[in-house]
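Single-structure report; data block below.
The values are calculated or read from the model by the stated rules, or taken from the named source; none is laboratory data. Note that this is a predicted model, so its numbers are computed, not measured. All Cβ positions, even for glycine, are placed from backbone atoms using ideal geometry, and neighbour counts span all protein chains on display.
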C-alpha cells in the first residue's frame, strides 16, 4: 500500500442543504406532527405545506457534515466536501458558504427541475431544534461524484448517517470507504439522528465494526443503536467497536471511548443559548480539527465542546464569526 | 371627497429585497471601494464579484419599507405591501416572510431571467452595516402594480426614497400619491440614505413640501437634504415642511418635528449591539404603529426607539421574535 500524501486534513461527504430557520411555539410541532428534537424527511409538497405555516425565517447553509467541514475550515484545517446541490439560487448560496470559509467544493450541480435540498428548522423557546428535510438534489449524489484522488489525498473522510436514506448515496459511500481504506486513510462517521439509527441500525453496526475509525454520536443515538435505555450499557457495547468514539451529552459535555478506556470531558461555560442547531456538527468540527493537529483526545474533545457551546449562542449552524479564536 | 373606510392601517411601497448578511473587517470595505454606512447600487456583475469575496453569509428578507411593514405587522397592525420579486427562490423567500408576519402581499412576480433583488450587507466589528444592492426585479415595478383600491383603503401609504432610483418606480409612486391624496389618506416617506438624498434632492424637497404628511430620516440625511453640517439649521428648515418629521439620531434617540415645535425623545437601554441593519426601518415600524393607534407623537417615537433598539441586537432587519412584546 502506497500512502498518498495529504492535500486535505478532512474530506466530508454529506447532504448539501440550506436551512430555513424560524422560532415557533411547542404547539406548532404538536399541530404538525413533528417529533421534537428529531430530523424528519418530508417530500416537496409537505415541505411547502409546513413552510407556508412557518413564521418569518432566516436562511443559512446547513447539512450535518457540511456544517462540520465549514467549522473545521474556520478553525484553520484543510478541508474538502462532496455533496449535491442543484443549479439554483439555494445551490449558489450553499456553494458560496462552503468556499467562503475555505472548503474545497466542486461537486457538479444537478441539472433539471429538482431543487437544492432545504431543511425547515423549527426552534422552540427551549432552544431545541426540530427539522423537516426535503432532500431534493441530494438524492442524486452518486458514485460518479466520488473523486477517488480527493479521498486518497485526505487524512480523514467524514460521512453522515443521513446518507443511508438514499440508495444512490449509499453506493457513493461504499465506494468512498473502499477508496479511503485502500489508501490507508481514516473514516469518521456520525450516527446523525435517533430515527436515522432506527432506520439503519444493522448497517450502521456493521459499518462501525468494520470501517469506522472515529465515531460521533450523542447519548440518545447510541442508546437507540444498542436498543437500551442504559447509557453505561451502551458505552460498554460501543467501546472497542472502533478506535475512537466521541459521545456528546449536551450540557454534560462528552465521553470519549477508546479500546483503552473512557474519559468524560466536561462542557465549559456557555453564553445565552439561542438555538441548538449544529451543536453536534460543531462538536465534530472541534474534535476532528484537534485530531488532525495530532492533539491528545481529551484536548480534541474540549475544543469540540467549545465549538458546540459557541454555535448554540447564535441562530443557525454556521458560525457567523471565525472559529479560530476558540483555539486557545 | 368620499373617504373609503380603512382595510389597512399602513400600505408600503418599496423595493422587495433579500439581504445577504456577512461580518467583515473594515479592510474589506476599503479594498472594495464601499462607502461605510451607505447603500450603493451595483449591477449583477459587481454583485457577484463582491459576493464571491464575502464571507459565510446569512440570508434574511430585507428592503427598507418592507422591513418597516413587517415590523408594523409584527406589532399587530393591518398592513399591505407592493413590491416586485421574480418567480425564483429568493422571491419565494421574500413573499413567505411578508405573509408569515401577516402582511397582505400579492404583487405579481416578474417573468423572465431577471432575478429577485439582493442586498449584500457587510457588517463591520462596530456593528455598522454597508450595503451593495443589485436591484434586479425591483426595476420592473410599474404603475400597473399600483392597486388603487388598496391605496384608497389604507390610512397611510409609506414609500421609500430608494424608489427614485428607477424611472418605472417613480411613475408608480406618482400614481400612488395621487390616489392616496384623492382618497384623503396620508403619505409617509423615508429619505432612505444620504447618497440617495444627494441623487434626488430637488425631487425629495418638492415631495416633502407638497405630498408628504409624515417624514422619516436620520441626522445625516436631513443634513444632506439641506446641504448643511448644522443639525439645528437642518431641523429649522424641515419644521413646517410637512405635518410630522421624525429624525433619528442613533444612540441619542430621535427628534420629532411638527409645525408647533420639536421634541427630543431619548433612546432607552439597548442590549449587545450586533448589527445596525434595519434600525431606521424598525424605528418607522414603531412610530407608524403608534400613529395608527392614535397615540401621542412622543409615545410613537418611544416605541420607534424601542423597536430600533431591539433590531440592532440581532443579525438582519426582520425581527426573529414577535415585536408585540415591545408594546408596553
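Residue under question is residue A:36, and the condition is that it be under 24 Å from residue A:288 (Cα atoms), in contact with a helix residue (DSSP H, G or I) (Cβ under 6 Å, 6 or more places away or on another chain) and either at pLDDT below 95 or assigned to a loop (DSSP other than H, G, I, E, B) (or both); does it hold?
Working: under 24 Å from residue A:288 (Cα atoms): no; in contact with a helix residue (DSSP H, G or I) (Cβ under 6 Å, 6 or more places away or on another chain): yes; either at pLDDT below 95 or assigned to a loop (DSSP other than H, G, I, E, B) (or both): yes.
When the stated conditions are applied, residue A:36 does not pass them.
Among what's in the range A:28-53 and is within 14 Å of another protein chain (Cβ to nearest Cβ) and free of Cβ contacts under 8 Å to residues at least 24 places away in the same chain, pick the residue that is surrounded by the fewest Cβ atoms within 10 Å (Cβ to Cβ).
Ranking the qualifying residues of the range A:28-53, first place goes to A:52.
Of these, A:6, A:15, which one is crowded, with 23+ Cβ neighbours inside 10 Å and assigned to a loop (DSSP other than H, G, I, E, B)? Step through it out loud before you land on a result.
Details: A:6 fails: crowded, with 23+ Cβ neighbours inside 10 Å.
Criteria check complete, one pass: A:15.
Look at residue B:315 and say whether it is within 14 Å of chain A (Cβ to nearest Cβ), outside any helix (DSSP H, G or I) and closer than 25 Å to residue A:24 by Cβ.
On the way: within 14 Å of chain A (Cβ to nearest Cβ): yes; outside any helix (DSSP H, G or I): yes; closer than 25 Å to residue A:24 by Cβ: yes.
Yes: the conditions hold for residue B:315.
Okay, residues lined up against (1) buried (at least 22 other Cβ atoms within 10 Å of the Cβ); (2) at negative phi; (3) touching a residue at least 24 places away in the same chain (Cβ under 8 Å):
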| residue | (1), (2), (3) |
| --- | --- |
| B:63 | yes, no, yes |
| B:68 | yes, yes, yes |
| B:75 | yes, yes, yes |
| B:81 | yes, yes, yes |
| B:87 | no, yes, yes |
| B:94 | yes, yes, yes |
| B:102 | no, no, yes |
| B:115 | no, yes, yes |
| B:134 | yes, yes, yes |
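In the range B:136-145, what residues are surrounded by 24 or more Cβ atoms within 10 Å (Cβ to Cβ) and touching a strand residue (DSSP E or B) at 6+ places or on another chain (Cβ under 7 Å)? Talk me through it step by step, then tell me what you get.
Of all residues in the range B:136-145, those surrounded by 24 or more Cβ atoms within 10 Å (Cβ to Cβ) come to B:136-138, B:141.
Of everything in the range B:136-145, those that are surrounded by 24 or more Cβ atoms within 10 Å (Cβ to Cβ) and touching a strand residue (DSSP E or B) at 6+ places or on another chain (Cβ under 7 Å) turn out to be B:136, B:137, B:138.
Is it fair to say residue B:324 is within 14 Å of chain A (Cβ to nearest Cβ), surrounded by fewer than 18 Cβ atoms within 10 Å (Cβ to Cβ) and more than 25 Å from residue B:122 (Cα to Cα)? Give the derivation first.
Working: within 14 Å of chain A (Cβ to nearest Cβ): yes; surrounded by fewer than 18 Cβ atoms within 10 Å (Cβ to Cβ): yes; more than 25 Å from residue B:122 (Cα to Cα): yes.
Against the criterion (within 14 Å of chain A (Cβ to nearest Cβ), surrounded by fewer than 18 Cβ atoms within 10 Å (Cβ to Cβ) and more than 25 Å from residue B:122 (Cα to Cα)), residue B:324 qualifies.
Which residue, of A:280, A:304, A:294, A:261, is in contact with a strand residue (DSSP E or B) (Cβ under 9 Å, 6 or more places away or on another chain), more than 14 Å from chain B (Cβ to nearest Cβ) and either surrounded by fewer than 17 Cβ atoms within 10 Å (Cβ to Cβ) or modelled with pLDDT under 95 (or both)?
Values: A:280 fails: either surrounded by fewer than 17 Cβ atoms within 10 Å (Cβ to Cβ) or modelled with pLDDT under 95 (or both); A:304 fails: either surrounded by fewer than 17 Cβ atoms within 10 Å (Cβ to Cβ) or modelled with pLDDT under 95 (or both); A:294 fails: in contact with a strand residue (DSSP E or B) (Cβ under 9 Å, 6 or more places away or on another chain).
The unique qualifying residue is A:261.
Only one of A:77, A:70 is touching a strand residue (DSSP E or B) at 6+ places or on another chain (Cβ under 6 Å) and either more than 12 Å from every other protein chain (Cβ to nearest Cβ) or part of a helix (DSSP H, G or I) (or both). Can you tell me which? Let's see the steps before the verdict.
Working: A:70 fails: touching a strand residue (DSSP E or B) at 6+ places or on another chain (Cβ under 6 Å).
One residue alone meets the criteria, A:77.
Restricting attention to the range B:98-114, report how many residues are in contact with a helix residue (DSSP H, G or I) (Cβ under 7 Å, 6 or more places away or on another chain) and closer than 25 Å to residue A:320 by Cβ.
Initial filter on the range B:98-114 (in contact with a helix residue (DSSP H, G or I) (Cβ under 7 Å, 6 or more places away or on another chain)): B:98, B:101-103, B:105, B:107, B:109-110, B:114.
Remaining after also requiring closer than 25 Å to residue A:320 by Cβ: B:98, B:101.
Residues meeting the conditions: 2.
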